[in-house]
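Here is the structure we will look at, set down as C-alpha cells.
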Amino acid sequence: MNAAVRIDPETGLKVFNTRAAKASEKIAGKGYSVVTDQKLTELPEMPAGATFNAEEQAKYLAFKEARRGAADYMAMEGEFKKYLDDVYSEPPIPREALDDECEILVVGAGFGGLLLWQKLSQAGFTDVRFCEKGGDVGGTWYWNRYPGIACDVESYSYLPLLDETGYVPSMKFASGFEILEHCQRMAQKFGFYDHCLFHTTVEATTWDEASGRWIVETDRGDKMRARFVVMANGILTAPKLARIPGMEKFKGESFHTSRWNYNIDLSGKRVGIIGTGATAVQAIPELAKVVGQLYVFQRTPSSIDVRDQRETTDEERETWAKEPGWARARRARFARISEVRAAVLANDDYLAGKIQDFKERKKHDRELSREELMQKQLDSSFRLMEQIRARVDAIVKDPKTAAALKPYYPYGCKRPTFHDEYLPTFNLPHVHLVDTAPRGVSEINERGVVHEGVEYPLDVLIYATGFQWMGTSTFNRIRGRNGRTLTEKWETEGTRTFLGLHTRGFPNLFIVTGPQGGGGSFNFTDVIYAHADYLVWVLQTMRERGARIVDVRKEPEDKYAEHCRVVDLATAPLRDCISYYNGEGKAAPGSLAYYGGRQWDKYRMEAQSSLAPYVFGGDPN
Ligand code: NAP
C-alpha cells in the first residue's frame, strides 16, 4: 500500500493517498422512482384570471407573520457534536502533520473543488492542494445520503464534466448515490485524489503580510503556507438543529439527515421526522415504505410541484454519443431559463436544441412599468401556487391533513420541491402529519416528541432541520490584513465583496459561491463553472503580469455591495416569507445570495477589461 504522503520524484510535489474506505455496504440507495399514474404527475388546471388581490395578500401576510421569530436553531456543539460524526467512511488514514508550502490551497472537495482542479490543472496550475472534511469527494453528495435523495435540477445540466468523462446520467433527476459516484469518477479521471487531504478540516486561515502567504492550520496539526486560498466549501455545509427544549433527554436513536445512520434498522419502528424542507420531502416517501409508524412534524409546508421523473432514453444516449460537447451546449441553453419552475420542468426539445425557445413569448402592446411587471410576476406566482394547493386537495384524502399541507407564500420564497410520491404518502394509514404550525415542535422528552399536550412515543427521531445558509461559520476563522477576521469585517461594514469572490483586505483569497457570489443561474453548477473560469483568469492574468498578490479597491467593492442590496430589495416581494434565504427574515438586504441574475456578468466583464477594481502587488520576498 502507498504511503499517505510521498514525494513525486519528477515534480517534487507531495502526492497524497488519504481517501478513506466506505464504512459499510449498507450505505446505498436510489432516488426517485418513475411514477406512471398521470393524476400524480400533472398539476391541476391553472385558475385563469386569478390575481394576487388584497384578500390573498392578507392571507400570505398572516401566514408569514405567524411564523416570525419561530425559527430557533443551534450549531452541533457540546453534547450534540456527535451528530457531526462521519458515518460514511472508515476512520481517517493516519498521516504526518504537514508543515510545508503549496501554491494554491482549496478548501472543499465537492463539485466546486473537483471542477476547479480540472480547470486549474488544464491551465498549468499543478501545485494545488485540497483539504476536505469528509473521507472522500462529493461535498453535499458525500454527506447527504438519505433514502430518496436526488437532484432537483435536471442531471444532464447539473452534473459537471459529463462531456469530459463521457458519462450519461441514468435518469433525468439522478439519485444522490449516482451523483456521488460521478464525483468519484471525476476525481479518478483527473488525478484529484493525489492532491487531496481527506478527513482534514481547516481550522484557521491567517494572512501573513511579511511572506505574502496564507497560513492554513487544520485539525490534523498541519500548518501549511499557501500563496492562494480558495474557499470552495459550499453554501449549505454546516448542518443545524432546531433548538427544542428537552432534546438532550430523548433515549431513542436520533440523527440528522446529513449523517444518515444506516446501521439503525428502521423497519417496523416508530419513527419521527422534524422538518418538511427539500430533504424531508424526498426522504418521507422512502421512510414510509419501511417504518411501522411515521410521524411527520411540520411547521411550514413546502410547495410540492410535479416531478415527472424519467429514465434517459436510448435515443438520447445514441444522439449524445455522436455529439461531442452536448452537455455543455445543453447547460448553456438551460442557463437561459430564468424561472425556477420552467427550468426544472424544462422542455427536453428546447434543451436538446431541437426548438429555439422554451416557451412562447408574450408580446405586450407597451413597455410595462416596474410595478406592473412585479404585479404580473406576483400574479403568475400566485396562480402557480393555487395549482400547487389544488394538487394537495386532489391527492390528499383527509381534509384536515390536506389543509395543513398547503403553503401560502410566493412560489420560490422557500426552496420549491418536486415530488410525485410525497403527497400520496399522507393517505397511508401508518403515516401521520403532526401540524406544529406556526411555532414548531416545542418539547422533546425521554420517549419522544410532545406537541400541544399529546406525546408521540418514538424509537427513532430524525432531524431534517437543514443547514446554515452561506456558511458564515467558517468566515470567523479567516484572518486577513491587520488581523481582522472576515466576520468582523462584515459585521462592522456589512457584507462586502467584489463579485462575491474577493473581499478587500483578504488578498489572494477567493470565495466560490459565497454571499453575493452570482453567476447568472440558479443551477449551482453553472455558478461554479463561472467562478472557476474567473479564478483561472485571475491567476493567468497575475502570471502574465508577474504579480504575486491581488486585492480589490474600496470603491468597486462598495459599488458592487450596493448593487447586491438594490437587486435584493427590488426582487424581495417575490420572496416575501420567512425563510433561510433571508436569514429567517433578519438578514440585511444583499448580504446573502445574489439576486442580480446576469448582471453579475456585466460587473465581471467590465472588471476583466479595465482591471480597474484590482490592486496587483509584487512578491515581497
Ligand atoms: P430546510 O429547508 O432548512 O428545512 C428545515 C425544516 O425544519 C423546515 O421545514 C423547518 O420549518 C423545520 N423546522 C425547524 N425547526 C422546527 C421546529 N422546531 N419544529 C418543526 N419544524 C422545524 O432543510 P433541508 O430540507 O435539509 O434543505 C436544505 C436545503 O438543501 C434545501 O433548501 C436545498 O437547497 C438543499 N437540498 C436540495 C435537495 C435537492 O437538490 N434535491 C435535496 C435536499 C436539500 P420552517 O420552514 O417553518 O422553518
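All of the numbers you see were taken from the coordinates with simple rules; none came from a lab. These figures come from a predicted structure and were not determined experimentally. Positions of Cβ are backbone-derived with ideal geometry, glycine not excepted, and every protein chain shown enters the neighbour counts.
Rounded to whole Å, the principal axis extents of the Cα atoms in the range 492-531 read 31, 20, 10, largest first.
Taking the alpha-carbon centroid of each part, what is the distance from the range 523-570 to the range 233-263 in angstrom? With the range 523-570 and the range 233-263 each reduced to a Cα centre, they are spaced 35 Å. Label point of Asn53 set 7 angstrom out along Cα-Cβ; within the range 379-394, amide nitrogens under 18 Å from it belong to 379-387. Cα axis of helix 554-571 to longest principal axis of the chain: angle in degrees, 0 to 90, nearest 10? Helix 554-571 sits at roughly 10 degrees to that axis.
Starting from the alpha-carbon convex hull of the range 304-418, give the projected area averaged over all orientations, in nm². Before the final figure, lay out each step's value.
Values: hull surface 39.6 nm².
In nm², the orientation-averaged hull projection of the range 304-418 is 9.9.
As a proxy for reagent exposure, ranking Tyr262, Tyr158 by other Cβ atoms within 10 Å from fewest up yields Tyr262, Tyr158. Residues of the range 441-472 falling in the label zone of Thr571, defined by backbone nitrogen less than 17 Å from a point 7 Å along Cα to beta-carbon, are 470. Each Lys and Arg contributes +1 and each Asp and Glu -1, all at the Cβ; summed about the Cα centre of the chain, the dipole is approximately 660 debye.
Between the range 270-337 and the range 1-60, the C-alpha centres lie 8 angstrom from each other. In the range 4-102, the ratio of gyration radius to Kirkwood radius, Rg to Rh, stands at 1.24 when only Cα atoms are counted.
Taking other Cβ within 10 Å of each residue's Cβ, how do Ile244, Ile578, Ile264 sort, fewest first?
Numbers: Ile244 21, Ile578 24, Ile264 16.
Going from least to most buried by this count: Ile264, Ile244, Ile578.
Annotation: amide H of Asn233 within the under-5 Å range of Val512, sequence separation 5 or more or interchain, hydrogens built in the peptide plane.
Rounded to the nearest 10 degrees, the angle from helix 524-545 to the longest Cα principal axis of the chain is 10 degrees. For the chain, find the longest principal axis of its Cα atoms and tell me its angle to the long axis of helix 370-395, 0 to 90°, nearest 10. Roughly 60 degrees between the two axes.
Sites listed here are trypsin sites (Lys or Arg not before Pro) in the range 226-273 whose DSSP assignment is loop and whose Cβ has at most 16 other Cβ atoms within 10 Å: Arg243, Lys251. Roughly speaking, what is the centre-to-centre gap between the range 388-417 and the range 426-458 when only Cα atoms are used, to the nearest Å? Comparing the Cα centres of the range 388-417 and the range 426-458, I get a distance of 19 Å. Solvent-free Debye calculation, one equal scatterer per alpha-carbon of the range 147-240: log10 I(q)/I(0) at 0.19, 0.22, 0.25 Å⁻¹ equals -1.02, -1.14, -1.27.
If the range 85-138 were replaced by its equivalent ellipsoid, with semi-axes equal to the square roots of 5 times the Cα gyration tensor eigenvalues, what would those be, largest first, whole Å? Numbers along the way, then the final one.
Details: eigenvalues 101, 51, 11 Å².
Semi-axes (√(5λ), whole Å): 22, 16, 7.
Divide by every residue of the chain the summed helix terms, -39500 (n - 2.57) for each DSSP H run of at least 4, and state the resulting mean residue ellipticity at 222 nm, rounded to the nearest 500 deg cm²/dmol. Using -39500 (n - 2.57) per qualifying helix, the result is -9000 deg cm²/dmol.
For Val15, project a label point 7 Å along Cα to C-beta. Then give me every residue of the range 175-203 with its amide nitrogen under 14 Å of that point. Once the point is set 7 Å along Cα→Cβ of Val15, 191-196 turn out to lie under 14 Å by backbone N, inside the range 175-203.
Can you tell me what the convex hull of the Cα atoms of the chain projects to on average, as an area in nm²? The partial results should precede the final answer.
On the way: hull surface 116.2 nm².
The orientation-averaged projected area of the Cα hull of the chain comes to 29.1 nm².
In this structure, the amide hydrogen of His256, modeled 1.01 Å from its nitrogen in the peptide plane, lies closer than 5 angstrom to those of Tyr463, counting only residues at least 5 positions away or on a different chain.
Placing a pseudo-label 7 Å from each Cα along the Cα-to-Cβ vector at Asp349 and Lys223 gives an inter-label distance of 6.6 nm.
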